[in-house]
Amino acid sequence: MQLLERTDSGLYCRAADAWIDPSRPVPRALITHAHADHARPGCGEYWAVDVSEGVLRQRLGREITLHPMAYGQEFWLNQACLSFHSAGHVLGSAQVRLKVDDAVWVVTGDYKRCADPSCAPFESVPCDVMITEATFALPIYAWDSGAQIAEQIRDWWHGDRERPSLLFCYSFGKAQRLLAELKAIGVEEEVLLHGAVETVTRQYRDAGVPMTPSRPVSELPRKDPLAGRLILAPPSAHRSAWMRRFRAPQTAFASGWMAVRGARRRRGYERGFVLSDHADWQGLIRTVLESGAHTVYVTHGQSDVLARFLRERHGIDAKPLEQLA
């Protein structure tokens, strides 16, 4: 039984009369997480994991009609039984499980398999058909633990006390993970935050995520040279007017893309730290195999590579999502 179809607005479940992460306003949206390319404004009603409510309302508007659900809580929409299961991507991220009669489909959204102290761990969900991301679906992508990367960042930061240390990272998810990873390895020194990072970090603190102390860099006098301080900022702030207040800072970028040779130099950073909130190559394969899915649709990134590997090595009927009718 085919539970999902591709439409101009995104993946649609006719049995539930709902869209998953729609690309445009629809009457009913099932949201995997609050990143802007998955959660868009203007929908009639939203269904999402309860712990993501703060970020969703901050980004989509306080007055949205939101139905917050706990992880694993089953609910019915028309003829479909649905539930959200942790994706381990960011705070409140989820996979969507859909069951109609005896058919079970899972849409993973974005996910990762490695430990992350800032969000719930990934949950393997058995299914017949899986739709999986493939952002880092090449064997060159193999992640070290977050603790190892946090130690590298601490050593880089503490290794130069004469200059500010500007670490660029995505403002929702990556920055808060860095604060939590630093806390987990015993760093209690205050970290300064760009305004865009501070806004989301408040939602994580409200959710009870343990993180090293932080405050907005805007609270410090502009004449403060900030020597020896660590500042987290979004990539959009790199080489912007905002950077003028820092005197000859050392710069770095934290991203899975830093695993590619030359990426750091092309982006203009002095240092790169390989830290991703998506699954690496082995994590993607492990997830598909653990699900027991006989059919897999692959989307984002290297979808052809992962689909071909699953077909040829494991005999799974895998194909790019574009082939879903």
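The values are calculated or read from the model by the stated rules, or taken from the named source; none is laboratory data. Remember, predicted model here, so these are calculated numbers, not experimental data. Ideal geometry is used to build each Cβ from the backbone, glycine not excepted, and the neighbour counts take in all protein chains shown.
Suppose the filter is in contact with a helix residue (DSSP H, G or I) (Cβ under 8 Å, 6 or more places away or on another chain) and in contact (Cβ under 8 Å) with a residue 40 or more places away in the chain; does Arg6 pass it?
The answer is yes for Arg6.
Just checking, which of Asp101, Asp128, Asp155, Asp144 is closer than 21 Å to Pro320 by Cβ and among the charged types (D, E, K, R)?
Of the residues listed, the single one that is closer than 21 Å to Pro320 by Cβ and among the charged types (D, E, K, R) is Asp128.
Is it the case that the range 26-33 has a residue that's modelled with pLDDT of 95 or more, more than 21 Å from Phe75 (Cα to Cα) and in the same structural domain as Val100 (by TED's automatic domain parsing)?
No.
List the strands (runs of 3 or more DSSP E) inside the range 44-111, counting only whole elements, that have at least 1 residues being more than 24 Å from Thr287 (Cβ to Cβ) and in contact (Cβ under 8 Å) with a residue 40 or more places away in the chain.
The qualifying strands (runs of 3 or more DSSP E) are 75-77.
Is the range 275-295 home to any residue that is at pLDDT below 95, part of a loop (DSSP other than H, G, I, E, B) and over 17 Å from Ser165 (Cα atoms)?
No; the residues of the range 275-295 include none that is at pLDDT below 95, part of a loop (DSSP other than H, G, I, E, B) and over 17 Å from Ser165 (Cα atoms).
Identify the single condition in (1) within 22 Å of Ala184 (Cβ to Cβ); (2) of a type in the set (A, V, I, L, M); (3) surrounded by 20 or more Cβ atoms within 10 Å (Cβ to Cβ) that Ala207 does not satisfy, given that it satisfies every other one.
If we test Ala207 against (1) within 22 Å of Ala184 (Cβ to Cβ); (2) of a type in the set (A, V, I, L, M); (3) surrounded by 20 or more Cβ atoms within 10 Å (Cβ to Cβ), just (3) comes out false.
Considering the range 38-70 alone, what residues qualify as being closer than 15 Å to Pro27 by Cα and within 16 Å of the chain's Cα centre (by Cα)?
Listed by number, the residues that qualify are Ala39, Arg40, Ala48.
Can you report the number of residues in the range 268-299 which are surrounded by 16 or more Cβ atoms within 10 Å (Cβ to Cβ) and under 19 Å from Tyr141 (Cα atoms)?
Selection size over the range 268-299: 18.
Return the residues of the range 209-247 that are part of a loop (DSSP other than H, G, I, E, B) and of a type in the set (A, V, I, L, M, F, W, C); say none if nothing qualifies.
Once the filter is applied, which keeps residues that are part of a loop (DSSP other than H, G, I, E, B) and of a type in the set (A, V, I, L, M, F, W, C), the range 209-247 yields Val209, Met211, Leu220, Leu226, Ala227, Phe246.
Go through (1) within 22 Å of the chain's Cα centre (by Cα); (2) surrounded by 14 or more Cβ atoms within 10 Å (Cβ to Cβ); (3) not assigned by TED's automatic domain parsing to the domain that holds Asp155 one by one and return the number of the condition Phe309 breaks.
Single failed check for Phe309: (1).
Please identify the pairs in which a residue from the range 299-323 that is at positive phi has its Cβ atom under 7 Å from the Cβ atom of a residue that is surrounded by 15 or more Cβ atoms within 10 Å (Cβ to Cβ) and not in a helix (DSSP H, G or I), counting only partners at least 6 apart or on another chain.
Listed pairs, sorted by first residue: His300/Glu133; His300/Ala134; His300/Thr135; Gly301/Glu133; Gly301/Ala134; Gly301/Thr135; Gly301/Phe136; Gly301/Ala137.
So Gly92 ticks every box in (1) surrounded by fewer than 24 Cβ atoms within 10 Å (Cβ to Cβ); (2) closer than 28 Å to Val187 by Cα but one. Which box is left unticked?
(1)
Looking at (1) crowded, with 24+ Cβ neighbours inside 10 Å; (2) over 17 Å from Lys174 (Cα atoms); (3) out of contact with any Cys (no Cβ under 9 Å at 6 or more places or on another chain), which is the only condition Leu98 fails?
Here Leu98 clears every test but (3).
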